[in-house]
1. Which one of these is at pLDDT below 90 and not β-branched (V, I, T): G44, G66?
2. In the range 69-114, which residues are at pLDDT 90 or above and not in a helix (DSSP H, G or I)?
3. I need the full set of residues from the range 27-66 which are surrounded by fewer than 11 Cβ atoms within 10 Å (Cβ to Cβ) and assigned to a loop (DSSP other than H, G, I, E, B), in order please.
Amino acid sequence: MVSEMKYVWLDVKCKIELDIIWGVYDTSGKLPTIIKLSELYAIGNTTSQKVLDSLYTDGIIDKAHGKGHYLKPNVKARLIEKHTALFTDSFNDAVQYGKRLGVNVDKLINCEVI
């Protein structure tokens, strides 16, 4: 249980990044407050703050003291590139694992019944 809870903030950060890509958050707009993020993702305020701090460190958002957190310009393209690379790496790992197990990878890639 502890290991599952250990990286909740990373899951929430990833969800927010994907929401940015999918247009849930206006790319020139303001992100929800810490309290609102806590409600949306059923996490504590400290975890919400950690998510926002990480997004800031990664250059995804800017902080405006007393006003909130705002998405940086052109961040959507950077996030698409990041998540495409993550998907590609994971997919390649899955293909290699399938090959080691003797799975017909061509059928798998073409979504045919194996």
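The values are calculated or read from the model by the stated rules, or taken from the named source; none is laboratory data. Note that the coordinates shown come from a computational prediction; the quantities given were computed from them, not determined experimentally. Using ideal geometry, Cβ is built from the backbone for each residue, glycine included, and neighbour counts are taken over all protein chains shown.
1. On inspection, the qualifying residue turns out to be G66.
2. Across the range 69-114, the qualifying residues are H69, Y70, L71, K72.
3. Within the range 27-66, S28, G29, A42, G59, H65, G66 meet the criteria.
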